[in-house]
């Protein structure tokens, strides 16, 4: 029993001692491991420290190197600036020295000039004294004062100069006449040779062709109402006779004939011919002709190379196509005159564009919308002034028939070229111009009465149709008006045969169905 207890005690003691020993061994092992870990951590920390130190040193070296580069660059720039400043300072010093030298030379020159001026002043005084002495001597010897001698000398020189100048003038004038005549002939001949002319004679009738004679009856209409409506709307005379497939349109005004021709063409092509349709088509065609007039004016200006014309002047140029002067087409005459003017201006060394412009516009006074009692040259000049043409162009227009004083060099050129264009063989016919003027005067005379709306001279001037406003003149007054117009024509105009005056008064009521 005691042995068991002792054994147990020994075992327990052994266990305790073993546990103690094991614990001690465990502590030693843990302590050793911890020491190892600490040493390892110290080594890693030292490595990291060394790496960071190296990295910091490298960055510091890089920063130091960059700073040194920047410092060196700034130093180089500063050194360059210093060098430039030193060079500039040297230049400034040299300029100052040069200025100082020039100033010294100028001062010396001024002193020298002052001395020379003083010497000259002294000499001038001596010369004045000698001159006075000589003048006194001359006056005493000649018995004349200086002013009297000067006057006699001037008079003698003036007479001699007049004689010499008159001789020179006569010689120059004789030579100039010979040379001028020869040169003027050369320029005119060269101008005519360099311009190709065209002949265009206007007629007073237009022949309208139709496909068959049955159309004549439709154009005449029942009891002649269609043809009367067409004549009233267009103001021309329509002659329907036995001529096969043809109708004659007669009027002194080419614009009216053209409107009637185009209107007839549209009516025949459409087939609907009655008074209302006739008035509608004539109104439409009249508008088309107005547009064609403007287009003709623009095309003419472009062809001649003339720019910047006022739109109203362009319209007047287009109207020239439907006017004639002594049988010569006015637009063709103006184009021809413009080209002649340009060539002649080139020969004379003047501006050909201005000359061409003046030549084209010289007869615009023949085609105004209203016709005041002014010669066409003066009226054309006023129109050109109104639409802001230059003064030399306006003067050339107004003076081409000597009705205004020519102050521009282009005026005689336009005058000469107008005569060249109109005087060539076949260009003009005096009879046609007189005939057209008579018909125009007939219409203007009737338009002067109050209440008259439109007037048309037809049948070659043997009939004058006067359309009056129904709200202005009564039926009884129309007879009185026709008698007064006939009497005035008989008293104031010259004409062959007799003139029939027909006064037309119409009342119309117009409504619209909507």
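The values are calculated or read from the model by the stated rules, or taken from the named source; none is laboratory data. No experiment lies behind these values; they were computed from the predicted model shown. Cβ placement follows ideal geometry from the backbone for every residue including glycine, while neighbour counts extend to all protein chains displayed.
Some values worked out for this structure:
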| quantity | calculated |
| --- | --- |
| Condition met for residue 451 (on the phi > 0 side of the Ramachandran plot, touching a helix residue (DSSP H, G or I) at 6+ places or on another chain (Cβ under 9 Å) and in contact (Cβ under 8 Å) with a residue 40 or more places away in the chain) | no |
| Selection within the range 243-259 - in contact (Cβ under 8 Å) with a residue 40 or more places away in the chain and touching a strand residue (DSSP E or B) at 6+ places or on another chain (Cβ under 6 Å) | 247, 248, 249, 250, 257 |
| Residue within the range 394-403 that is surrounded by 24 or more Cβ atoms within 10 Å (Cβ to Cβ) and either under 22 Å from residue 255 (Cβ atoms) or out of contact with any helix residue (DSSP H, G or I) (no Cβ under 9 Å at 6 or more places or on another chain) (or both) present | no |
| Unmet requirement for residue 316, which otherwise passes all of (1) within 21 Å of residue 256 (Cβ to Cβ); (2) crowded, with 20+ Cβ neighbours inside 10 Å; (3) free of Cβ contacts under 8 Å to residues at least 40 places away in the same chain | (3) |
| Failed criterion for residue 481 (all others in (1) surrounded by fewer than 18 Cβ atoms within 10 Å (Cβ to Cβ); (2) part of a helix (DSSP H, G or I) hold) | (1) |
| Residue 421 vs. criteria surrounded by 11 or more Cβ atoms within 10 Å (Cβ to Cβ) and either at pLDDT below 85 or not in a loop (DSSP other than H, G, I, E, B) (or both) | yes |
| Qualifying position, being in a strand (DSSP E or B), under 22 Å from residue 260 (Cα atoms), touching a strand residue (DSSP E or B) at 6+ places or on another chain (Cβ under 9 Å) and touching a residue at least 40 places away in the same chain (Cβ under 8 Å), among 436, 467 | 467 |
| Output for the range 392-421, where each listed residue is closer than 19 Å to residue 309 by Cα and either within 22 Å of the chain's Cα centre (by Cα) or in contact (Cβ under 8 Å) with a residue 60 or more places away in the chain (or both) | 392, 393, 394, 395, 396, 397, 410, 414 |
| Every residue from the range 363-376 that is surrounded by 23 or more Cβ atoms within 10 Å (Cβ to Cβ) and free of Cβ contacts under 8 Å to residues at least 40 places away in the same chain | 365 |
| When residues of the range 319-357 are limited to those that are free of Cβ contacts under 8 Å to residues at least 24 places away in the same chain and more than 21 Å from the chain's Cα centre (by Cα), the one surrounded by the fewest Cβ atoms within 10 Å (Cβ to Cβ) | 349 |
| Residue, surrounded by the most Cβ atoms within 10 Å (Cβ to Cβ), within the range 226-268, restricted to residues that are over 25 Å from residue 453 (Cα atoms) and within 43 Å of the chain's Cα centre (by Cα) | 267 |
| Residues that are within 17 Å of the chain's Cα centre (by Cα) and in a helix (DSSP H, G or I), drawn from the range 379-391 | 384, 385, 386, 391 |
| Hey, residue 496 at pLDDT 85 or above, more than 39 Å from the chain's Cα centre (by Cα) and not in a strand (DSSP E or B) or not | no |
